[in-house]
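Please find one structure pasted underneath; my questions will follow.
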Amino acid sequence: HVRSRRQRQMCIRDSYEAIATLARQAPVGSIDETPWYCHNALQWLWTMTTDTVSLSLIHPNRSQDAFLALIEEWQGILVSDGCGVYQRWVASRQTCLAHLIRSARGISQKRDTQLAACGTWALKELQALCHRAKAPPSGGEWSAWYARFWRLLKRYHERLDDAGRLTRRLQREMASLWVFLREQGVEPTNNRAERLWRFAVMWRKGSNGTDSEAGNRWVERTLSLRQTCRQLGQSTFGALVDAVTSFFQGRQPDLAWLY
């Protein structure tokens, strides 16, 4: 029986630190954040997900400092939404096309015909681009798509409405729209990180968050272990049993399943 929060944290500390090391060594990382509450005060639950592990961190802020606390010295390819924290990333970044597609779809449903036309056009081209993850374009197909895309930007760029805001956003994100076509292991959306939130949001709604820093550490370590086990096809219960047993026997847990 694990009698205290501190003991529970210590039981899975080694697993969490190993997951953190592997995440920060990965060539590609999908990163996202969602609200969390501690003492009923708004904080942020961050995640960095790679093809094998998921690292979670609770931080008081949604800021550059929080982002750096999560990644530390990592310098890989970032997959993210268009939040300003991520747009300042100096290394290569793939912006989430699913977020842009949702924005375009919303505009395509406007009553104003010119707005709807812009949204429909952007929606079609962004969906076509996303589809290229499974069917890479030939040189001719890419040239045709690129020409259509530039016509869209030129036509709506100066507008002051939602159409102009969307096209200017696409222009700002230009260098990050198709990194997935150049770099192996990069996905066109941030769904890999967002999948973690389903369980985390249910936990937040059921518990109303945490009431201490110790609780925050337990949540981030448990989420990291659970999601990593799911990614690697391992039993979360088995990993927890080994971690607890190792803790009370004074030995290192078996982490071979992570590698």
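The values are calculated or read from the model by the stated rules, or taken from the named source; none is laboratory data. What you are looking at is a predicted structure, and each value in this text was computed from that prediction instead of being measured. With ideal geometry, Cβ positions are generated from the backbone for all residues, glycine too; neighbour counts draw on all protein chains shown. Ligands, DNA and RNA are stripped out before the accessible areas are found, and what is left, the full protein with its side chains, is counted by its heavy atoms. Shrake-Rupley method; radii C 1.70, N 1.55, O 1.52, S 1.80 Å.
Return the residues of the stretch 70-97 that are assigned to a loop (DSSP other than H, G, I, E, B) and more than 24 Å from Tyr16 (Cα to Cα); say none if nothing qualifies.
Result: Asp81, Gly82, Cys83, Arg88, Trp89, Val90, Ala91, Ser92, Cys96.
Write out, first by first residue and then by second, each pair whose Cβ atoms fall under 9 Å of each other, whose residues are 6+ apart or on separate chains, and whose first residue, in the stretch 18-31, is closer than 21 Å to Pro253 by Cα while the second is among the basic types (Lys, Arg) and open to solvent by 20 Å² or more (accessible area, probe 1.4 Å).
Listed by first residue and then by second, the contacts come to Ile19/Arg221.
Can you tell me which of (1) in contact (Cβ under 8 Å) with a residue 12 or more places away in the chain; (2) in contact with a Gly (Cβ under 8 Å, 6 or more places away or on another chain); (3) farther than 15 Å from Ala104 by Cα is the one Glu158 doesn't meet?
Condition (1) is where Glu158 drops out.
Only one of Trp74, Trp44, Trp36 is buried (at least 21 other Cβ atoms within 10 Å of the Cβ) and modelled with pLDDT of 95 or more; which?
It is Trp36.
Taking the options Glu183, Glu125, name whichever one is within 22 Å of the chain's Cα centre (by Cα) and among the acidic types (Asp, Glu).
Glu183
Residue under question is Leu196, and the condition is that it be touching a Phe, Trp or Tyr at 6+ places or on another chain (Cβ under 8 Å) and not basic (Lys, Arg); does it hold?
The answer is no for Leu196.
Criterion first (more than 24 Å from Ser80 (Cβ to Cβ) and part of a helix (DSSP H, G or I)) does Arg217 satisfy it?
Here the answer is yes, as Arg217 does meet what is asked.
Please go through the stretch 169-202 and give me each residue that is outside any helix (DSSP H, G or I), farther than 26 Å from Glu141 by Cα and open to solvent by 30 Å² or more (accessible area, probe 1.4 Å), ordered by number.
Arg195
Sticking with this one: Considering every residue within the stretch 38-52, establish whether at least one is in contact with an Asp or Glu (Cβ under 8 Å, 6 or more places away or on another chain), assigned to a strand (DSSP E or B) and small (Gly, Ala, Ser).
Within the stretch 38-52, not a single residue is in contact with an Asp or Glu (Cβ under 8 Å, 6 or more places away or on another chain), assigned to a strand (DSSP E or B) and small (Gly, Ala, Ser).
Shifting gears a bit: I need the full set of residues from the stretch 21-65 which are under 17 Å from Gln231 (Cβ atoms), over 13 Å from the mean Cα position of the chain (by Cα) and charged (D, E, K, R), in order please.
Arg24
Continuing with the same structure: Select, from Ala133, Ala163, the only residue that is of a type in the set (Gly, Ala, Ser), open to solvent by less than 40 Å² (accessible area, probe 1.4 Å), at pLDDT 90 or above and touching a helix residue (DSSP H, G or I) at 6+ places or on another chain (Cβ under 6 Å).
Going through Ala133, Ala163 in turn, the sole match is Ala163.
Continuing with this model, one more query. Would the stretch 222-234 turn up any residue that is out of contact with any strand residue (DSSP E or B) (no Cβ under 7 Å at 6 or more places or on another chain), touching a residue at least 40 places away in the same chain (Cβ under 8 Å) and in a loop (DSSP other than H, G, I, E, B)?
For the stretch 222-234, residues out of contact with any strand residue (DSSP E or B) (no Cβ under 7 Å at 6 or more places or on another chain), touching a residue at least 40 places away in the same chain (Cβ under 8 Å) and in a loop (DSSP other than H, G, I, E, B): absent.
From the list Met174, Met202, pick out the single residue that is without any contact (Cβ under 8 Å) to a residue 40 or more places away in the chain and closer than 26 Å to Ala135 by Cβ.
Met174
Every residue in the stretch 87-128 that is more than 26 Å from Leu160 (Cβ to Cβ) and surrounded by 19 or more Cβ atoms within 10 Å (Cβ to Cβ), please.
Arg93, Gln94, listed by residue number.
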